[in-house]
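> Here it is: the structure, laid out below.
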Amino acid sequence: MLFLYNIITLLAAQLLKIVALFSPKMKLFVDGRKSVFQTLADKIQTSDKTIWFHAASLGEYEQGLPVIEAIKQQFPNHKIVVTFFSPSGYEVRKNNTVADVTVYLPLDTISNAKQFIELVHPEMAFFIKYEYWPNYLNELKKQQIKTYLISGILRENQAFFKWYGGFYRNALKTFEFFFVQNESSRNLLQSIGFNNVKVSGDTRFDRVVSILERDNSLDFIEQFKDNTTTIVIGSSWPKDETLLVNYINQSSDDVKFIIAPHNIKQEQILNLKNQIQKKTILFSENVETRLIASLQEYNVFIIDTFGILTKIYSYADIAYVGGGYGNPGVHNILEPATFGVPVVIGPNYSHFAEATALVNMEGCISIQNQTQLNEAFDLLLHNEDERLEKGHICSTFVQMNKGATQTIMNHILDK
């Protein structure tokens, strides 16, 4: 089975080069990997002590960040190496300050895995949430490098738990320990013979709780809000925006809207702006050109830049988090929740335990259509008690679930 896997991986590598000729995102995926080994050779000496973290994309990086920071503090003489699989993670966080080296993870071939592990020679390796690359895991095992899964999620439909999954189950033997988010993940691992597992919870809660300790002020958002009830729309997709624009266009001028779309390509941003009948301004039209004096005159503020949505949520009275009409579903609802903001989402959230929990607890409202969106927003806008109660449920939920990072660190340091 490993032989077949390696043949498919090599064929995929060649196919990706062809696809990259036509896809800008795939071009980043392919071109970004060309200089990885040279970068590692330049930045890591044979005498360096290193610790390696792998994240599939941006969400997993943010999820693992509390542990990365804790490890960095505990092991200040080690270099931290962070790898990404996806361009949407690497391109946004390639200049992060927590890692000493940030690169793409080369494709999972036998030769790539050997060369990567030889250059990085980590004392410990951490995989965040998921992604199980057999050749990398086999090489880590051969080199007897302690390897951990953090904030892991396991599901019955994964190959590990199927009759044909022996090849994948064998790769799991690499892990020194599994830190999983919930009981069902632990039970699944135990059902196939893995007892080196602990329910530590989700490190994202530690990540969002830490947000409260930093300065989240943004002068231009303060000026735009102007003490007006504000709905913040984060990570929206076109399907979300169709419903949202309909609501915005018929809304009272007593409500303001901040929209931070998931995709900020100029064509899509301008298309969104042109659909809105309220007085609307873009971040790039105003703040970047430092013409902020008149921001309070606008009803809608479109944030066509990355990196400030979390701070913007601190100004929300109500939040709508997008992605709930796509697959796998809704984006991160914990960021607005930690500020005590009630959240509205689309119908696809079942893959996300925190969203499922908050919908069941009634801190979060899931909607399926325009009528339900209108009703949810109207309820939260016109019933302050309801709005505050749902916000309180959200913030309490986040606070009650923090602590995963400390659980992980206690175990690692005890070894």
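> Considering the zone a paramagnetic label at GLN406 would reach in this model (a point 7 Å from Cα along the Cα-to-Cβ line), which residues of segment 31-75 have amide N under 19 Å from it?
64-75
> Which ³J(HN,Hα) values, rounded to whole Hz and listed in residue order, are derived for segment 115-129 from phi using the Karplus coefficients 6.51, -1.76 and 1.60 in 6.51 cos²θ - 1.76 cosθ + 1.60 with θ = phi - 60°, glycine and proline given as x?
5, 4, 5, 5, 6, 7, 5, x, 7, 9, 10, 10, 9, 9, 6
> Quick one: how many Å² of GLU241 are accessible to a 1.4 Å probe, rounded to 10?
30 Å²
> Please list, in chain and number order, the residues 5+ apart from SER236 or on another chain whose amide H is under 5 Å from its amide H, with Hs placed from the backbone.
Excluding prolines and chain starts, which carry no amide H, the hits are ALA260, HIS262, GLY322.
> Counting only protein chains, not ligands or nucleic acids, how are PHE352, PHE178 ordered by accessible area (probe 1.4 Å), most first?
The ranking, largest first, comes out as PHE352, PHE178.
> With every protein chain kept in the model, how would you rank MET361, MET400, MET26 by accessible area, 1.4 Å probe, largest at the top?
Correct descending sequence by accessible area is MET400, MET361, MET26.
> Right, something else. Multiply the residue gap between GLN190 and GLU362 by 0.36 nm, knock off their C-alpha separation, and tell me the result in nm, one decimal place.
Value of the extension gain: 58.7 nm.
> Stokes-Einstein at 37 °C, 0.692 mPa s, Kirkwood radius from Cα pairs: D for segment 249-347 in µm² s⁻¹?
The calculation lands on 226 µm²/s.
> Now for a different question. Report ARG214's accessible area, 1.4 Å probe, all protein chains in place, as a number in Å² to the nearest 10.
100 Å²
> I would also like to ask the following. Taking the Cα atoms of segment 241-283 alone, what are Rg (to one decimal) and Dmax (as a whole number) in Å?
Expressed in Å, the Cα Rg and Dmax of segment 241-283 come to 10.2, 30.
> For GLN370 paired with SER35, estimate the spin-label separation in nm (one decimal), with each label point 7 Å from Cα along the Cα-to-Cβ line.
Taking the two extended label points, one gets 4.9 nm.
> Can you tell me what percent of all Cα-Cα pairs in segment 357-411 are more than 19 Å apart?
Cα-Cα pairs in segment 357-411 separated by more than 19 Å: 43 percent.
> Please report the carbon-and-sulfur percent of the accessible area for segment 21-201; probe 1.4 Å, protein heavy atoms only, DNA, RNA and ligands left out.
Of all accessible area on segment 21-201, carbon and sulfur atoms account for 49 percent.
> Under a Cβ-only charge scheme (Lys and Arg +1, Asp and Glu -1), can you give me the dipole magnitude of segment 21-201 about the Cα centre, in debye to the nearest 20?
Dipole magnitude for segment 21-201 comes out near 260 debye.
> Taking a ≥ b ≥ c as the square roots of the eigenvalues of the Cα gyration tensor of segment 1-72, is the shape rounded (a/c under 1.5), prolate (a/b larger than b/c) or oblate?
Taking the square roots of the gyration eigenvalues as a ≥ b ≥ c, segment 1-72 is prolate.
> Right, something else. What lysines could a cross-link reach from LYS198, if we take a straight Cα to Cα line under 29 Å and drop same-chain neighbours fewer than 8 places away?
LYS49, LYS72, LYS79, LYS129, LYS141, LYS142, LYS146, LYS162, LYS173, LYS402, LYS415
> Can you give the alpha-carbon Rg of the chain over 2.2 N^0.38 Å, where N counts its residues?
1.04
> Hey, another quick one. About the Cα centre of the chain, what is the dipole size in debye to 20, counting +1 per Lys and Arg Cβ and -1 per Asp and Glu Cβ, all else neutral?
Computed charge dipole of the chain: roughly 1840 debye.
> How much area per residue is accessible in segment 92-240 when the probe is 1.4 Å and only protein heavy atoms are counted (Å²)?
Solvent-accessible surface per residue comes out at 44 Å².
> Per 5 Å bin from zero, what fraction in whole % of the C-alpha pairs of segment 214-398 is there, up to the bin with the longest pair?
1, 8, 19, 22, 23, 15, 8, 3, 0
> Heavy-atom accessible area of TYR164 with all protein chains present, probe 1.4 Å, nearest 10 Å²?
120 Å²
> On to the next question. Quick one: pull the percent of accessible area on segment 214-398 belonging to carbon and sulfur, 1.4 Å probe, ligands and nucleic acids left out.
Ligands and nucleic acids excluded, carbon and sulfur reach 45 percent.
> Nearest 500 deg cm²/dmol is fine: what mean residue ellipticity at 222 nm does the chain get from its DSSP H runs of n ≥ 4 alone, each adding -39,500 (n - 2.57), divided by its residue count?
-14000 deg cm²/dmol
> Still on this model: How far, in degrees from 0 to 90, does helix 2-19 lean away from the longest principal axis of the Cα atoms of the chain, to the nearest 10?
50 degrees
> Percentage of Cα-Cα pair distances in segment 21-201 greater than 22 Å, rounded to whole percent?
45 percent
> Could you give me the ³J(HN,Hα) list for segment 78-84, computed from phi with Karplus coefficients 6.51, -1.76, 1.60 and θ = phi - 60°, whole Hz, x at Gly and Pro?
Working through the residues one at a time gives 9, 7, 9, 10, 10, 10, 10 Hz.
> Sticking with this structure for a sec: Grab the Cα-Cα distance for ASN246 and ALA353, subtract it from 0.36 nm times how many residues apart they are, and report the gain in nm with one decimal.
Gain on stretching ASN246 to ALA353: 35.5 nm.
> Given the Cα-Cα distance of GLN277 and GLN74 and 0.36 nm per residue of separation, how much length would full extension add, in nm?
This chain segment gains 67.8 nm when fully extended.
> Let a ≥ b ≥ c be the square roots of the eigenvalues of the Cα gyration tensor of segment 1-122; is it rounded (a/c under 1.5), or, if not, prolate (a/b larger than b/c) or oblate?
Judged from the Cα gyration tensor, segment 1-122 comes out prolate (a/c at least 1.5, a/b above b/c).
> Could you please state, rounded to a whole Å, how far the C-alpha centre of segment 144-217 is from the C-alpha centre of segment 389-408?
19 Å
> Give me the base-10 log of I(q)/I(0) for segment 106-151 at each q in 0.15, 0.24 Å⁻¹, Debye formula, one uniform scatterer per Cα, rounded to two decimals.
Reported log10 I(q)/I(0), two decimals: -0.33, -0.85.
> Sticking with this structure for a sec: Along the charge dipole of the chain, Cβ charges K/R +1 and D/E -1, which of GLN372, SER210, ILE221 sits furthest on the positive end?
About the Cα centre, the residue reaching furthest to the positive side is SER210.
> Scan around ILE367 for amide H atoms under 5 Å from its own, H built in the peptide plane at 1.01 Å from N, and keep only partners 5 or more places away or cross-chain.
ILE345, GLY346
The values are calculated or read from the model by the stated rules, or taken from the named source; none is laboratory data. The model shown is predicted, which means the values in this text are computed figures rather than measured ones. Neighbour counts are summed over all protein chains in view; Cβ atoms, including those assigned to glycine, are modelled from backbone coordinates with ideal geometry. Note: accessible area is taken over every heavy atom of the protein model, side chains too, but ligands, DNA and RNA are not part of it. Shrake-Rupley method; radii C 1.70, N 1.55, O 1.52, S 1.80 Å.
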